[in-house]
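A.B. asks: Below is one structure. I have some questions about it.
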Amino acid sequence: MRTDIFARLDREPEPPKIEAPRMSRHRIALFGGTLAFYVAIVVAVLVSSWLVALDWKVMLFRPYQQWPELHAFLDYYVVLGQRGPTAVMIASWLGWRSWRQHTIRPLLTLGCSLLLLNVTVGAVKLGLGRLGPHYATQIGSAEMFAGGDIFPSGHTANAVVTWGILAYLATTPRARRYLSALSATVSLGVGLTTVYIGTHWLSDVLLGWAAGLLILLALPWFEPLITRAEAWIFSVREQWRQRRAAAPAPAPVAAGAPQTVPLPQPIGSESVAAGSGSAAAASAAGAVPAAGQSDAQGAGQNPAHPGAGTRARAHAAHPAHPARSERTPITPAGPRRPPHADRTPRGSTSPARPMTGG
């Protein structure tokens with residue numbers, strides 16, 4: 001007996017009507033506040049304010065030495081913020097959901113968010129060029145424009161986007177609340193883990209959280225583009241299906257029908273065989289009536305006689321057979337029998353036989 005949980009795993013008969021999030025006033029206000037926080041973090045690091053001093057204090061505290069028993073677990077936990085593993089896990093779940101709901105919007109939304117993440121976070125990383133705690137050269141310095149690529153934290157921003165996209169695509173308010181709390185907990189833990197290991201400053205993590213949240217808040221602006229992309233992909237799929245259905249199917253071959261099997265031929269033999277075949281056919285066609293007529297006239301019979309037709313067919317079957325000569329064969333002179341010793345050739349005088357009797 002099936003329960004309601006397993007029934008929900010079946011594919012829905014038709015695509016559900018899911019409303020895409022819109023850019024409401026509340027979302028615009030959150031976006032503006034997050035953007036202001038983002039800019040404030042960048043300015044505070046650039047001017048080497050109290051935030052940079054806090055970064056150095058946390059780094060010199062060395063949390064990985066204070067609590068070494070957590071190191072083994074946090075080495076695995078930080079993988080939840082890496083781009084490759086998290087993208088595979090989330091894409092697998094959203095791919096199943098796309099199949100179940102007859103739509104590819106979840107996958108397109110994930111792809112759009114990851115593209116925005118790479119462009120925005122990557123550009124700021126390379127533009128500011130901040131060095132990490134392990135490569136710092138001067139205590140108290142912000143280590144900006146030194147060829148680094150850790151500001152903002154990519155692990156933290158990726159955790160916010162990849163796990164937060166589940167809450168963004170939720171279909172019910174209850175699921176959205178639960179998934180929002182889950183994504184916030186995972187991304188917060190990933191950011192603090194990078195500080196514990198010593199790969200990021202605390203300000204890197206703060207800026208990573210803001211960068212990921214800005215992408216999630218800005219996604220409704222890209223919903224029209226995602227909708228057009230989905231419609232175009234479905235139209236291409238329908239055209240491909242129609243073209244495939246209109247293609248003529250190959251004619252079935254009967255079970256007892258003979259099939260032509262091509263024989264291998266050497267290169268250039270086709271033209272030679274074609275030429276010789278046509279010449280033989282022409283010579284045979286011209287030789288058949290002539291041979292039949294000459295045989296009929298030579299025999300003094302009617303050309304329609306059965307013997308004339310037989311000879312004509314024989315000549316047609318063997319066009320290369322030499323024609324029989326009508327002349328009388330020449331025999332060698334002299335007798336055919338071998339000469340005998342006790343016989344006298346004709347024309348010679350034989351000795352007189354003795355006469356006996358009276």
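The values are calculated or read from the model by the stated rules, or taken from the named source; none is laboratory data. No experiment lies behind these values; they were computed from the predicted model shown. Every residue, glycine among them, receives a Cβ derived from its backbone with ideal geometry; neighbour counts consider all protein chains shown. These accessible areas exclude ligands, DNA and RNA; they are computed on the full protein's heavy atoms, side chains included. Shrake-Rupley method; radii C 1.70, N 1.55, O 1.52, S 1.80 Å.
A.B. asks: Looking for whichever is closer than 30 Å to ARG22 by Cβ and in a helix (DSSP H, G or I) here; the options are GLY164, GLY189. Which one fits? Step through it out loud before you land on a result.
C.D. replies: On the way: GLY189 fails: closer than 30 Å to ARG22 by Cβ.
Unique residue meeting the criteria: GLY164.
A.B. asks: Considering each of ALA211, ALA231 in turn, give the residue that is part of a helix (DSSP H, G or I) and closer than 30 Å to VAL39 by Cα. It would help to see each step written out before you state the result.
C.D. replies: Numbers: ALA231 fails: closer than 30 Å to VAL39 by Cα.
After applying the criteria, what remains is ALA211.
A.B. asks: Inspect all residues belonging to the stretch 75-82 and state whether any of them is farther than 17 Å from LEU166 by Cα and under 32 Å from the mean Cα position of the chain (by Cα).
C.D. replies: Here is the first cut: in the stretch 75-82, the residues farther than 17 Å from LEU166 by Cα are 75-79.
From what's left, under 32 Å from the mean Cα position of the chain (by Cα): 79.
Checked the stretch 75-82: at least one residue is farther than 17 Å from LEU166 by Cα and under 32 Å from the mean Cα position of the chain (by Cα).
A.B. asks: Just give me the residues in the stretch 193-233 being touching a Ser or Thr at 6+ places or on another chain (Cβ under 9 Å) and either open to solvent by 50 Å² or more (accessible area, probe 1.4 Å) or among the basic types (Lys, Arg) (or both), in sequence order.
C.D. replies: Of everything in the stretch 193-233, those that are touching a Ser or Thr at 6+ places or on another chain (Cβ under 9 Å) and either open to solvent by 50 Å² or more (accessible area, probe 1.4 Å) or among the basic types (Lys, Arg) (or both) turn out to be THR199, TRP209, LEU213, PHE222.
A.B. asks: For TYR76, indicate whether it is more than 16 Å from VAL195 (Cβ to Cβ) and out of contact with any Leu (no Cβ under 7 Å at 6 or more places or on another chain).
C.D. replies: Working: more than 16 Å from VAL195 (Cβ to Cβ): yes; out of contact with any Leu (no Cβ under 7 Å at 6 or more places or on another chain): yes.
In short, yes.
A.B. asks: Checking THR86 against (1) among the hydroxyl-bearing types (Ser, Thr, Tyr); (2) in contact with a Ser or Thr (Cβ under 8 Å, 6 or more places away or on another chain); (3) more than 21 Å from PHE151 (Cα to Cα): exactly one of these is not met. Which one?
C.D. replies: (3)
A.B. asks: Would you mind telling me which numbered condition in (1) touching a Lys or Arg at 6+ places or on another chain (Cβ under 9 Å); (2) free of Cβ contacts under 8 Å to residues at least 40 places away in the same chain GLY122 fails?
C.D. replies: All conditions are met except number (1).
A.B. asks: If only one of TYR38, TYR64 is at pLDDT 95 or above and among the aromatic types (Phe, Trp, Tyr), which one is it? Don't jump to the end; show me each part of the working.
C.D. replies: Details: TYR64 fails: at pLDDT 95 or above.
Of TYR38, TYR64, the one residue that is at pLDDT 95 or above and among the aromatic types (Phe, Trp, Tyr) is TYR38.
A.B. asks: Moving on. For the stretch 167-178, give me each residue that is open to solvent by 50 Å² or more (accessible area, probe 1.4 Å) and assigned to a helix (DSSP H, G or I).
C.D. replies: PRO173, ARG174, ARG176, ARG177, TYR178 - these are the residues of the stretch 167-178 that are open to solvent by 50 Å² or more (accessible area, probe 1.4 Å) and assigned to a helix (DSSP H, G or I).
A.B. asks: Please work out which residue is farthest from ALA44 (Cα to Cα), limiting yourself to the stretch 110-157 and to residues that are touching a helix residue (DSSP H, G or I) at 6+ places or on another chain (Cβ under 6 Å) and polar (S, T, N, Q).
C.D. replies: Only one residue fits best here, namely SER113.
A.B. asks: Further question on the same structure: Looking at the stretch 97-114, which of its residues are at pLDDT 90 or above and among the charged types (D, E, K, R)?
C.D. replies: The one that is at pLDDT 90 or above and among the charged types (D, E, K, R): ARG105.
A.B. asks: Then there is this: Based on this model, can you work out whether LYS17 counts as under 18 Å from ALA136 (Cβ atoms), without any contact (Cβ under 8 Å) to a residue 40 or more places away in the chain and open to solvent by 40 Å² or more (accessible area, probe 1.4 Å)? Walk me through how you get there before you give the answer.
C.D. replies: Details: under 18 Å from ALA136 (Cβ atoms): no; without any contact (Cβ under 8 Å) to a residue 40 or more places away in the chain: yes; open to solvent by 40 Å² or more (accessible area, probe 1.4 Å): yes.
No.
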